[in-house]
Amino acid sequence: MKSNLWSRIRAAGCCAAFSLVLFLGGCTSAASSTSTAPSSSSQALSEAPTSQVVPSGEDDTVPAPSIDATENGFNGLTDPTEAFSRGLGWGPGTAGTSLKQAAAAAAMMDWAEENGAADRSAGSLNDCLSGWFNSLDTSDQENFAEAWPLIETSAQRILEDPEAEAPVLEDAGVEEIPTCSKEDWDAFAGAMKAVVPAPQQ
């Protein structure tokens with residue numbers, strides 16, 4: 001009877017020990033698989049294609065740097081050299097004077113309109129026109145001083161009756177009748193008079 005009891009106790013102990021071994025083995029296996037999971041995830045992440053990182057601003061539209069209004073030497077106004085060139089190289093008594101003065105007037109009227117002369121300060125116009133005039137050599141300055149009154153007369157005619165002046169402008173090679181306003185011309189002409197000396201008599 002006593003030996004049977006001990007036999008049962010030993011059997012129960014063996015079962016318990018066996019169960020404990022199985023339990024601990026399962027925990028170890030689970031722990032092992034759990035510990036390797038992050039490394040697998042990390043590996044998967046490291047193997048995933050990386051997105052291309054674009055440095056900030058490379059795809060952005062960068063506006064052109066602002067230009068100082070005085071950089072071009074004409075105080076923010078467009079270079080008048082080409083437009084004003086039609087007022088050089090001729091004067092009173094030159095053959096074809098009426099056509100030359102009409103062409104010069106039209107070019108200067110276009111420049112005055114393009115630059116909104118009426119909306120400019122007298123100082124900015126004066127700086128621009130004097131800069132152009134002072135860049136001329138002495139003979140060109142004298143020549144323009146003689147031609148300027150004729151140019152101004154033609155401009156006044158165009159302002160007063162552009163249709164009547166259309167044939168003259170066409171003969172002078174002007175493709176379109178100037179649309180310069182009286183205000184723009186008056187502002188331009190006033191500044192030019194302050195710059196250009198009276199022609200020598």
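Quick notes on this structure:
- Given their separation in residues at 0.36 nm each and the Cα-Cα distance between them, Gln141 and Asp119 gain 5.2 nm when the chain is fully extended.
- With both labels modelled 7 Å from their Cα along Cα-to-Cβ, the Thr94 to Ser130 distance reads 2.6 nm.
- Rough spin-label spacing in nm, given labels placed 7 Å along Cα→Cβ, for Asp110 and Thr179: 1.4
- The protection proxy used here, the mean number of other Cβ atoms lying within 10 Å of each residue, ranks peptides 159-165, 184-190 as follows, highest first: 184-190, 159-165.
- One chain, two ends: Ala194 and Asp161. Fully extended at 0.36 nm per residue, the span grows by 9.2 nm beyond their Cα-Cα distance.
- Accessible carbon and sulfur surface of segment 113-195 relative to its total accessible area, %, 1.4 Å: 42
The values are calculated or read from the model by the stated rules, or taken from the named source; none is laboratory data. All of these numbers come straight from a predicted model, not from anything done at the bench. Here the Cβ is made from the backbone with ideal geometry for all residues, glycine too, and neighbour counts use every protein chain on show. For accessibility, only protein heavy atoms count, side chains too; no ligands or nucleic acids. Shrake-Rupley method; radii C 1.70, N 1.55, O 1.52, S 1.80 Å.
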